[in-house]
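Notes follow the structure.
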Amino acid sequence: AAGVIQSPRHLIKEKRETATLKCYPIPRHDTVYWYQQGPGQDPQFLISFYEKMQSDKGSIPDRFSAQQFSDYHSELNMSSLELGDSALYFCASSRAGRGGEQFFGPGTRLTVL
Amino acid sequence: AQSVTQLDSQVPVFEEAPVELRCNYSSSVSVYLFWYVQYPNQGLQLLLKYLSGSTLVKGINGFEAEFNKSQTSFHLRKPSVHISDTAEYFCAVSRTGTASKLTFGTGTRLQVTL
């Protein structure tokens, strides 16, 4: 079965650079979520989109922005990167009416040097 | 807002022994409950979920969990663990309804040894 696709899988950036992470949800899934997992920590919710509209916002820095496109894929844009942004970034998708189950992608490991 | 507490950060257990990973949650509204497993350098895989109905939920890999509303708990159990069960386990909660974010506990590291 198709899964959530994230690209790139690994990304190395310098401080103050920008990064763009991409997420392709499971076909027919209408909701995308972004989570950040720091080293040895639990995943923290950043932002979500339902039918291409922002549906919820968590502890996402103002330096980050995201959107969901007409084909339902989503991009997380991160600017002025800081060392503390180094983390695993997960995208998850779900389909309304299917009991809230979120399917996670493999994650993008971002390292800021 | 919802919150999740996983009291045990690490649980060492011998192979073929039973195990229980504890999870308590707090919420003022109806919730869904989940257990996810994360193997090293991998994503999160759903083990099982409680939406409604029977309080005993069976999942993949022989795991099961019991929802206890009065104790606001959702403990994960397996009668006989295997070395391959060594991983990080996260309990998570979300509001019922559409497009609800997951709030995770801090995780429990299950270490299975011979």
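Taking 0.36 nm per residue of sequence separation and subtracting the Cα-Cα distance, how much length would be gained by fully extending the chain between residue B:106 and residue B:5, in nm to one decimal?
Length gained, residue B:106 through residue B:5: 35.6 nm.
How many angstrom separate the Cα center of the stretch B:25-57 from the Cα center of the stretch A:83-110?
15
Only bridges whose two residues both fall in the protein assembly as shown count here: according to DSSP, what percent of them are antiparallel, nearest 5?
So the antiparallel bridges amount to about 90 percent of the total.
Starting from the Cα of residue A:13, draw a straight line to each of the aspartates and glutamates and keep only those under 19 Å, dropping any in the same chain fewer than 8 residues away.
Qualifying aspartates and glutamates at Cα under 19 Å: A:62, A:75, A:82, A:85.
Between residue A:20 and residue B:82, what is the label-point separation in nm under the 7 Å Cα-to-beta-carbon projection?
Inter-label distance under the simple model: 4.3 nm.
Set the bar at 22 Å for Cα to Cα. Now go through A:22/B:101; B:49/B:101; B:78/B:101; A:22/B:58 and name every pair that lies beyond it.
Violating the 22 Å limit, Cα to Cα: B:78/B:101; A:22/B:58.
Quick one: compute the contact order of the stretch A:5-48, relative version, from alpha carbon pairs under 8 angstrom and 6+ residues apart, as a percent.
Relative contact order for the stretch A:5-48 comes out at 29 percent.
Each value in this text was obtained by applying a stated rule to the coordinates, not by laboratory testing. Just so it is clear, the model here is predicted, and its values are computed rather than measured. Virtual Cβ from ideal backbone geometry, glycine too; neighbours counted across all protein chains shown.
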